[in-house]
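Accompanying notes for the structure given below.
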Amino acid sequence: MSKLSMKEQSGGRKLLRLLPLDDLFALKDTVTNRLIAVESTREAIEAIITYSQDAEELLKRKKVHRDVIFKYLATEGVAMPPNSDKQQLIRRTTEHWSSGEISKREKNTVVSEDVGDGLADLPALGKQFCQWFFTLLNAQNPTQGQPAQEWGPQHFWPDARLRLLSCAGERCVDEFNGAELVSQRLHAFAGQEHLLFCPNLEGQGLKCISSAHGLVLVAVAGTIHRDNACLGVFENVFGLIRSPMDNNRWKLKSVNMKVEAQSAITDRQVPVITYDSKELLSLCD
């Protein structure tokens, strides 16, 4: 039996799936002292999980490179400074595995499942939504080696709007209207452009407010990556409204995304929200 907790085993499996196959099988040989023969990737992962003494020992293995841990944390919605060293990433991963994170079912379900109306604790609602959204979007990136989860216009209102503001060099604004177009454009970031979004869900990286008309605004900042390169930072402002015709689920009414080039990142800082509450409300007028 594995000495890792259930959360550590689950997280370890997700992380190990990000390893190149050569590294994965070499790690299996090291952990099992070449005494266990396997015939598949799944068997190799299970052998590593079973024979690892603890989570920190697993993460410190040479074949578990810094970039793999960073990428794993990004897929889990855990923001880390791009210049974090491996030990910092290991410490944050073990903290994540020992925390009371939401269940896999909750992560794969739109935020309709939150307790009550969600308005009593806006930060909790916003954090849960962002964990769901970015986990779902990052899973569309084929380089992640994850099974693509269900993405589509069903998560958006029919008249949903996406506004993209790019500040890389010249300022450029693009708008997309309608659930189908908005869904397709967002999917393309991960599916075609192979981008990975790492939101900062702590402190000033997340801000949530509600309007008098039932609109909830969730603003989140983070970093954008491709492979091992950090390309820049983003600020997303999501407008959410419940749908009484669809089991009262929260659906996306609007998405405002601002993207800045890597030069916007300071050496020891994670991205933060720059909008105040008045500016957030004006984005959804």
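No value in this document is a laboratory result; all are computed from the given coordinates. Model, not experiment: these values are computed from the prediction. Here the Cβ is made from the backbone with ideal geometry for all residues, glycine too, and neighbour counts use every protein chain on show.
Once you order the gyration tensor axes a ≥ b ≥ c over the Cα atoms, which shape class does region 143-241 get: rounded for a/c under 1.5, otherwise prolate or oblate by comparing a/b with b/c?
Numbers: a/c = 1.44, a/b = 1.20, b/c = 1.20.
Taking the square roots of the gyration eigenvalues as a ≥ b ≥ c, region 143-241 is rounded.
Backbone amide hydrogens, once placed in the peptide plane, bring Leu195 within less than 5 Å of Ala190, excluding anything fewer than 5 places away on its chain. Cross-linked pairs Lys14/Lys71; Lys3/Lys86; Lys71/Lys253: Cα-Cα separations exceed 20 Å for Lys3/Lys86; Lys71/Lys253. For the chain, a Gaussian network of Cα nodes joined below 10 Å ranks Gly126, Gly222, Gly232 by mean-square fluctuation, and the top entry is Gly232.
Rounded to the nearest 20 Debye, what is the dipole magnitude of the chain about its Cα centre when Lys and Arg each give +1 and Asp and Glu each give -1 at the C-beta? Let's see the in-between values first.
Details: 34 positive and 36 negative charges, 95 e Å.
It works out to roughly 460 debye.
Largest first, the three principal axis extents of the alpha carbons in region 6-98 are 38, 25, 19 Å in whole numbers. Counting every pair of alpha carbons in region 183-285, the share spaced more than 19 Å apart comes to 48 percent. Non-local amide H neighbours of Ser254 (under 5 Å, H modeled in plane, Pro and chain starts lacking H): which ones? Answer set, sorted by chain and number: Arg161, Gly239. Amide H to amide H distances under 5 Å link Arg242 with Lys251, where only residues 5 or more positions off or on other chains count and H is placed in the peptide plane. When you filter the GluC sites (Glu not before Pro) in region 1-95 for DSSP loop state and at most 14 other Cβ atoms inside 10 Å of their Cβ, you are left with Glu39.
Under the classification rounded if a/c is under 1.5, otherwise prolate if a/b is larger than b/c and oblate if not, where does the chain fall, given a ≥ b ≥ c as square roots of the Cα gyration tensor eigenvalues? Prolate, because a/c is 1.5 or more and a/b exceeds b/c. To the nearest ten degrees, helix 66-75 and the longest principal axis of the Cα atoms of the chain are 40 degrees apart. Please find, in a Gaussian network model of the chain (springs between Cα atoms separated by less than 10 Å), the residue of Asn141, Asn248, Asn256 whose mean-square fluctuation is greatest. The residue with the greatest mean-square fluctuation here is Asn248.
Applying a DSSP loop filter and a limit of 11 other Cβ atoms within 10 Å to the GluC sites (Glu not before Pro) in region 149-186 leaves Glu150, Glu170.
Using the Karplus relation 6.51 cos²θ - 1.76 cosθ + 1.60 with θ = phi - 60°, the per-residue 3J(HN,Hα) values for region 194-206 come to 6, 8, 10, 9, 10, x, 9, 9, 10, x, 7, x, 9 Hz, with x marking Gly and Pro. Using the Karplus relation 6.51 cos²θ - 1.76 cosθ + 1.60 with θ = phi - 60°, the per-residue 3J(HN,Hα) values for region 233-245 come to 10, 9, 10, 10, 10, 9, x, 10, 9, 6, 10, x, 8 Hz, with x marking Gly and Pro.
The trypsin sites (Lys or Arg not before Pro) of region 176-285 meeting both criteria, a DSSP state outside H, G, I, E and B (loop) and at most 12 other C-beta atoms within 10 angstrom of the site's C-beta, are Arg268.
Axis angle, to the nearest 10 degrees, between helix 179-191 and the longest C-alpha principal axis of the chain: 30 degrees. Arranged from fewest to most other beta-carbon atoms within 10 Å of their beta carbon, Ser10, Ser40, Ser277 become Ser40, Ser277, Ser10.
Along region 253-258 the Karplus relation, 6.51 cos²θ - 1.76 cosθ + 1.60 evaluated at θ = phi - 60°, assigns HN-Hα couplings of 9, 8, 9, 10, 10, 10 Hz to successive residues, with x for each Gly and Pro.
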